[in-house]
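The structure appears right after this line, and notes come after that.
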Amino acid sequence: MNYYFMPLEEQPDYGYGMIGSIYYAAANDLCSSEKFREDWYLVLPVNFLRRHCIELFLKSCIILFHKKFKLNFDNDKCTGEPKIKLNNGTWILLKTTHNIKDLYNYLDFLIKSNKDYLSKNTTTIWKFNDEFEKWIDKINGYDSVSDYFRYPISKDKNKDKNKNFFRENTMQGIQKEIEQGKKTITLIIEDSNGDAKKIYSNHKPDKIVDLFKILQKTSDELSGFHTAVRMELFNGF
């Protein structure tokens, strides 16, 4: 990839793809660590890295399509301030949005609008996995403004509860888990009489783990797509 060896500001997409690739690699490096566990809070930074690289890859490809096909950004030339067009026809600055559904919709429009050129002049099949849009919808449903995996509190407090790897439990609940052969980490808070006041034990938040897998598949898909755009349309630049 020739663009790897250029200053970010001189790359045709202003470095969006390069930084996206770095976040993508960082997520994979974390997951390959011997200390990484899917049933612990380590999935949150990995989810953030992958969610962010998805956003950056989408933004990169939008800019590159505009540059390749000399498409104006609203009233600005393709070399002007990057923008995306929403489904309602409104143009917004690319740098002001984190909504990956809006970004995907616009990229999908650009791909379909230039499918004749792509089919005749490239060897890539410019089509995402059949489940790809569902993955985007799932991720965006949790994190449309890029805050869900970064902070303990996001704009949706109900969904924030899904980030917990510990939850309130009872002695009966713990005993049942032990009988089922489950390993448990438990905190028991006692009152002044030595009676259990609060009991917390670990659990695996299925929704966060599910998002972990979806983010992995989505980032893998976009990493490959981004590589195809650079190689097929920009000769590695």
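The values are calculated or read from the model by the stated rules, or taken from the named source; none is laboratory data. From a predicted model like this one, the values you see are computed outputs, not experimental measurements. When we count neighbours, we look across all protein chains shown, and the Cβ atoms used for this are built from the backbone with ideal geometry, even at glycine.
Tabulated values for the structure
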| read-out | value |
| --- | --- |
| Scan of the stretch 150-178 for residues that are touching a His at 6+ places or on another chain (Cβ under 9 Å) and among the polar types (S, T, N, Q), ordered by number | 164, 169 |
| Residue in the stretch 132-146 that is assigned by TED's automatic domain parsing to the domain that holds residue 65, among the hydrophobic types (A, V, I, L, M, F, W, C) and more than 19 Å from the chain's Cα centre (by Cα) present | no |
| From 59, 35, 70, residue being at positive phi and in the same structural domain as residue 145 (by TED's automatic domain parsing) | 70 |
| Residue match in the stretch 212-220 (condition: under 16 Å from residue 39 (Cβ atoms), among the charged types (D, E, K, R) and in a helix (DSSP H, G or I)) | yes |
| In the stretch 162-208, the residues that are assigned to a helix (DSSP H, G or I) and in contact with a helix residue (DSSP H, G or I) (Cβ under 7 Å, 6 or more places away or on another chain) | 162, 163, 207, 208 |
| Residue 92 being surrounded by fewer than 23 Cβ atoms within 10 Å (Cβ to Cβ), assigned by TED's automatic domain parsing to the domain that holds residue 130 and without any contact (Cβ under 8 Å) to a residue 24 or more places away in the chain | yes |
| The listed residue being more than 21 Å from residue 23 (Cβ to Cβ), part of a helix (DSSP H, G or I), without any contact (Cβ under 8 Å) to a residue 12 or more places away in the chain and not hydroxyl-bearing (Ser, Thr, Tyr), out of 155, 127, 112, 70 | 112 |
| The stretch 7-44: number of residues that are at pLDDT below 95 and under 14 Å from the mean Cα position of the chain (by Cα) | 2 |
| Where residue 113 falls short, out of the listed (1) touching a Phe, Trp or Tyr at 6+ places or on another chain (Cβ under 7 Å); (2) exposed (fewer than 15 other Cβ atoms within 10 Å of the Cβ) | (1) |
| Qualifying residue in the stretch 147-162 (condition: at pLDDT 90 or above, touching a Leu at 6+ places or on another chain (Cβ under 7 Å) and within 30 Å of residue 229 (Cα to Cα)) | yes |
| Residues that are assigned to a helix (DSSP H, G or I) and of a type in the set (Asp, Glu), drawn from the stretch 73-108 | 102, 108 |
| Test result for residue 97, free of Cβ contacts under 8 Å to residues at least 40 places away in the same chain, of a type in the set (Val, Ile, Thr) and crowded, with 17+ Cβ neighbours inside 10 Å | yes |
| Residue count for the stretch 163-182, restricted to those that are basic (Lys, Arg) and within 26 Å of residue 149 (Cβ to Cβ) | 2 |
| For residue 206: the one exception among (1) surrounded by 11 or more Cβ atoms within 10 Å (Cβ to Cβ); (2) under 29 Å from the mean Cα position of the chain (by Cα) | (1) |
| The stretch 97-124, residues that are touching a helix residue (DSSP H, G or I) at 6+ places or on another chain (Cβ under 7 Å), within 19 Å of residue 74 (Cβ to Cβ) and of a type in the set (A, V, I, L, M, F, W, C) | 103, 107, 110 |
